[in-house]
Amino acid sequence: MRKASKTAVSNLITYGIVVVAYIVCQVLIENGQMTRALKGQLVPICVYVVMAVSLNLTVGISGELSLGHAGFMSVGAFAGTIASAWLLAAFQLENEVIRLILAMVVGGAAAGVAGVLIGIPVLRLRGDYLAIVTLAFGEIIRNVLNCLYISLDGARLHLGFLNPNLPGELMVNGPIGVTGIDKISTFAMGFALILFTLFVVLNLVNSRAGRAIMATRDNRIAAESVGIQVTKYKMMAFVVSAALAGMAGALYGLNFSTVTASKFKFDTSILVLVFVVLGGIGNIRGSVIAATVLTILPEVLRAFSDYRMLVYAIVLILVMLLTNSPILSNLVNRFYPRLHRRAREKGGEAA
Amino acid sequence: MSPKRMVDTKMVPVPSHSIVPERDLNKTPVLETRHLGIEFGGLKAVEDFNLTIGKTEIAGLIGPNGAGKTTVFNLLTKVYQPTTGTVLVNGKDTAGMNTMQANRLGIARTFQNIRLFGNMTVEDNVRIGLHNQVRYGMLTGIFRLPGYWKQERAQHEQALRLLSIFGMEDMAEVKAGSLPYGAQRRLEIVRALATHPSLLLLDEPAAGMNPHETEELMRNIIKIRDEFQIAVMLIEHDMNLVMGICEGICVLNYGRIIAKGTAEEIQQNPVVIEAYLGKQKEDAP
């Protein structure tokens, strides 16, 4: 089974990159060589890597352009922060690691449910129509969360919609969002979540279900003709992707003391889509690298102060142009023929 | 078969005679259509299509361009829902079913314009065909629960065994889209076979093949029929292939069956000759 081992090696490289990056970061932190600003970016980087990988499952593997990924992230963030507070109040669960894991599970489950509910109408559509409807649903989620009031009264949760008059202490306060969050997210847990996400997505791709998802993407009619339930597998990819985004959202929410729905606007969805496109649609490792680099880049570009976002945009354009440039790929081919050939083979395999 | 009898066929309420009659005496037919028809906005693309295919029969569906041959395949595989009539597969009515369900009942097909999963390897294409032969769920796949490795290996071996029908096991790791045209057509047949059908529909399997390849294809179709004990129905313009291997031939023109019979009967049928070549006694201008 040479092919299986080839895929396994490729996956191991992906895991390896993440593990090495984590160790390097830890060493830098130990030696005090990492700036405060960058340290503050570590958990968001993990969050965006998970977001990018999970969106790649929908966009790259399943082939449906989704523009509402931040919506699932916000559902996860709200559900996760509430779950964390409730677990502390109701069960005195002081252990932060267990509380964070449970919060992520709750966030993932809530986003998964949202994924099912949104997937039912959305996956009837195709192409551009699907993209626009996911965009609309992302906005709907944000607006619903803006009207949500939840209070914690001892161990009991009270839910109000457009109604802030609830017994106990208000946790979710409409447009003000979730306040008084116990910041329990850690870089180590973010790293663990990245590994979990990679594990889920890479293993899914190399399984019966993953092949059915990709078959549906490549040729819907042919997939149906060999007896694949197209809707089921589209839904599967969409829901798994939403659940992973929810887990990332929970990690994100528990990294700050307040979380508002306006943090998960349309531009967040687009940002994650940029990571996916830049890293290569369907290329999981590319998503990891692109999300990391593009999250750090604004920090690195602080030297340009006012022109920061301008430089960021120019870098984006240059990267897109260069990676698609035939002249550059010919140059690479000339100097590193082996590298080029391998890259091409890999590209074929990943897609 | 004379034109007169064809008219008779239309009058019989439930015609149930195979092209090759002796085949449906002892077994339930693999496929039976009764008054099958479809209209597209008033245009009757296929009308009153009655056909029975016995187990292990090789049947041909021929006719001039635009006669509705592929439409018949799309009706049988439920890509289109018929406006009239019924399709029975292994004696079961397929009314209201979709393509996926029709496949599970035992109809597999190839496409006139090849529809492979071009970005995936040859082996993965066959493995996708084996989708319903392997049974493990999403969670087993993700968390590599017991059964995953065993079933994956079984699937791998089965895929290679199916590919060996056409001697394609060496190409298992090649990207399907980069195969030569003839090999792509063969791979489509393998993928269809992987779904474990009782009726294999081939839409122009020899298109784009050279005479040598076509000859090999003919041998392979017979081999597949004998080895898997399935019925084959094919649309083809290559008359050598059709006349060479089809036990029964059905001629379609303007959406209607104009003749059914063996190769010799079809070749001598004046209605068929007229459909292909035009009327004999046309006045020259």
* Output the residue which, of all residues in the range B:175-202 that are of a type in the set (A, V, I, L, M, F, W, C) and within 9 Å of chain A (Cβ to nearest Cβ), is surrounded by the most Cβ atoms within 10 Å (Cβ to Cβ). => B:A194
* Residue identified as assigned to a helix (DSSP H, G or I) and surrounded by 19 or more Cβ atoms within 10 Å (Cβ to Cβ) among A:L321, A:L297, A:L310, A:L278 -> A:L278
* To do: Collect the residues in the range B:254-265 that are crowded, with 17+ Cβ neighbours inside 10 Å, of a type outside the set (K, R) and touching a residue at least 40 places away in the same chain (Cβ under 8 Å), keeping them in residue-number order.
  => B:G255, B:I257, B:I258, B:A259, B:G261
* Please determine, by comparing only the residues of the range A:1-40 that are more than 14 Å from chain B (Cβ to nearest Cβ) and in a loop (DSSP other than H, G, I, E, B), which one is modelled with the highest pLDDT. => A:N31
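Taking the condition of being closer than 28 Å to A:L87 by Cα and more than 7 Å from chain B (Cβ to nearest Cβ), how many residues in the range A:199-225 meet it?
Here the count works out to 1.
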* Test A:Y48 against the criterion of being aromatic (F, W, Y), touching a residue at least 60 places away in the same chain (Cβ under 8 Å) and within 25 Å of A:R302 (Cα to Cα), and give yes or no. => yes
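For every residue, the table says whether it meets (1) within 9 Å of chain B (Cβ to nearest Cβ); (2) of a type in the set (A, V, I, L, M); (3) in contact with a strand residue (DSSP E or B) (Cβ under 6 Å, 6 or more places away or on another chain).
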| residue | (1), (2), (3) |
| --- | --- |
| A:K232 | no, no, no |
| A:M236 | yes, yes, no |
| A:A242 | no, yes, no |
| A:M247 | no, yes, no |
| A:Y252 | no, no, no |
| A:A261 | no, yes, no |
| A:K265 | no, no, no |
* Structure fact -> With the first residue restricted to the range A:238-252 and required to be under 15 Å from A:P44 (Cβ atoms), and the second required to be outside any helix (DSSP H, G or I), Cβ contacts under 7 Å at 6 or more apart or on different chains are A:L251/A:S185
* For the range B:21-128, which strands (runs of 3 or more DSSP E) that fit wholly inside it have 1 or more residues that are more than 14 Å from chain A (Cβ to nearest Cβ)? -> B:31-40, B:43-53, B:58-62, B:84-89
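Go over the candidates A:T231, A:T179, A:T216 one by one and state the one that is out of contact with any helix residue (DSSP H, G or I) (no Cβ under 8 Å at 6 or more places or on another chain), in contact (Cβ under 8 Å) with a residue 60 or more places away in the chain and within 26 Å of B:G106 (Cβ to Cβ).
A:T231
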* Among (1) modelled with pLDDT under 95; (2) crowded, with 19+ Cβ neighbours inside 10 Å - the single one B:T140 does not satisfy -> (2)
* Please enumerate the residues belonging to the range A:183-203 that are under 18 Å from B:G137 (Cα atoms) and surrounded by fewer than 24 Cβ atoms within 10 Å (Cβ to Cβ). => A:F199, A:V200, A:L202, A:N203
* Asked: Do you know which of the residues in the range B:129-143 that are free of Cβ contacts under 8 Å to residues at least 24 places away in the same chain and part of a helix (DSSP H, G or I) is nearest to the other protein chains (Cβ to nearest Cβ)?
  -> B:G141
* Structure fact -> Listed by first then second residue, the pairs whose first member lies in the range A:271-297 and is farther than 10 Å from A:V53 by Cβ and among the acidic types (D, E), whose partner is at pLDDT below 95 and surrounded by 24 or more Cβ atoms within 10 Å (Cβ to Cβ), with beta carbons under 6 Å and at least 6 positions apart or on separate chains, are none
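The values are calculated or read from the model by the stated rules, or taken from the named source; none is laboratory data. Keep in mind that this is a model prediction, so the values were computed, not measured. As a convention, Cβ positions derive from the backbone with ideal geometry for all residues, glycine included, and neighbour counts pool all protein chains shown.
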